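Here is the structure we will look at, set down as structure tokens.
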Amino acid sequence: MASNKTVLTAAQKAKRSHAFGSELPERPHSLTREVDDLRKDVEAAFLRTERNLAGPTITNNDLAFRADNNQLKSGGNIYGTGLLCGQTQASVTLGKITYTVRNPGVAGNAFSVEVVAGAGALGTAFADNKLTVTLAAAGSTNDDIAADINAKAESAIKFTADVTENGGDNAAAAASTAATGGVGAGIDVHIYSIAEDKSLLGDALSISDTKITLKTATTALAAVSTGHIQGIAIEDKDNSTSALSGSLSNISQSLPATAN
């Protein structure tokens, strides 16, 4: 972090607390202006914090875990505001499909998408930072490709797919093209259970500013008791340092765990 004797850059401001954000006092200021500005901005920052407007906010969720396998039951959703933490997702459009990196952040700009002709069934796979769509021998429609990608968890495929038009038409092969537009360091989805803090980001089927959808029964917790409630929080990894984790949203309680 730069000295407070110099005006901070936009990138440096983005690394600061969401509660204070760009409203920390900056030089050059006269002493009187500095004091007045500091008081006004600190009061505004604390007001945002008290109203839970300073970062991501979870409003509700429908997650529940199973005690027999310690895994998420029948998928589920997390709802809220600012869940992308002010970051953007990288994306690339090939033909009539827009492929969007699930987790926001600059890491997605290193990913690419390629569509190739195939001799068998439709296949989608992610390896070496590239999503490869292998078309079926008889052709694969835009809708078929999007459905295949969107049914796979973030840890397996990294992308979601949206058909812009002509969903029933067959897609054409396309050269490998890089995704662009990702900003930030990404987010994480924390589940707090009995003496445990685990990430469910790898189970994400879709991530947006207002909703995160998780896949059924993938990541397992260490132990879940029937009736037990888990805690859920979103982490802003763009707001972290090497010594500390990023800022967290409020903690939302899951539904009580079921026996099976």
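Any read-out appearing in this document is the output of simple, stated calculations on the displayed coordinates, not a laboratory observation. Bear in mind the structure is a predicted one, so any value in this text is a computation, not a measurement. Here Cβ is always computed from backbone atoms with ideal geometry, including for glycine, and neighbour counts include all displayed protein chains.
At a threshold of 8 angstrom on Cα-Cα distance, excluding pairs fewer than six apart, so keeping six or more, what relative contact order does region 91-248 reach in percent? Intermediate values should be presented prior to the final figure.
Details: 349 pairs, mean separation 38.6, N = 158.
Relative contact order, region 91-248: 24 percent.
Local charge sum around Gly168 (other residues, Cβ-Cβ under 11 Å, Lys/Arg +1, Asp/Glu -1)?
Working: positive: Lys96; negative: Asp143, Asp144, Glu165, Asp169.
Around Gly168, the charge tally is -3.
Given R₀ = 45 Å, FRET efficiency for Asp68-Ala117 by Cβ-Cβ distance, to 0.05? Mind dumping the intermediate values first?
Numbers: r = 44 Å, r/R0 = 0.99.
That gives a FRET efficiency of 0.50.
Quick check: pseudo-label points 7 Å beyond the Cα along Cα→Cβ at Thr93 and Thr213, how many nm apart are they?
The answer from the label model is 2.2 nm.
How large is ³J(HN,Hα), in whole Hz, for each residue of region 96-111 in order, when computed from phi with the Karplus curve 6.51 cos²θ - 1.76 cosθ + 1.60 and θ = phi - 60°, using x for Gly and Pro?
Listing the rounded values in order: 9, 10, 9, 9, 10, 5, 4, 7, x, x, 5, 4, x, 5, 8, 8 Hz.
Search the structure for amide H atoms under 5 Å from the amide H of Gly118, placed 1.01 Å from N in the peptide plane, and list their residues when 5 or more places away or on another chain.
Under 5 Å from the amide H of Gly118: Leu135.
Would you kindly state how much longer the chain becomes between Ile194 and Ala125 on full extension, computed as 0.36 nm times their sequence separation minus their alpha carbon distance, in nm to one decimal? Provide the component values of the computation, followed by the final result.
Numbers: separation 69, 0.36 × 69 = 24.84 nm, distance 3.49 nm.
Stretched fully, the Ile194-Ala125 segment lengthens by 21.4 nm.
Please work out how much length the chain gains when fully extended from Ile229 to Asn260, using 0.36 nm per residue of separation minus the C-alpha to C-alpha distance, in nm with one decimal. Walk me through the numbers before you get to the answer.
Values: separation 31, 0.36 × 31 = 11.16 nm, distance 1.48 nm.
Roughly 9.7 nm would be gained on extension.
May I ask you to list the aspartates and glutamates whose Cα is less than 15 Å away from that of Lys73, ignoring any residue fewer than eight positions away on the same chain?
Result set, ordered by chain and number: Asp62, Asp203.
Hey, rough spin-label estimate for Thr180 and Leu38, points 7 angstrom out along Cα→Cβ, what's it come to in nanometres?
Going by the 7 Å Cα→Cβ label model, 4.4 nm.
Please compute the Kirkwood hydrodynamic radius over region 91-178, one decimal place, Å, based on all pairs of different Cα atoms.
Details: mean 1/r = 0.0788 Å⁻¹.
About 12.7 Å for region 91-178.
Quick one: 3J(HN,Hα) in Hz for region 202-213, Karplus 6.51/-1.76/1.60 with θ = phi - 60°, rounded, Gly and Pro as x.
x, 8, 5, 8, 7, 9, 9, 5, 10, 7, 10, 9
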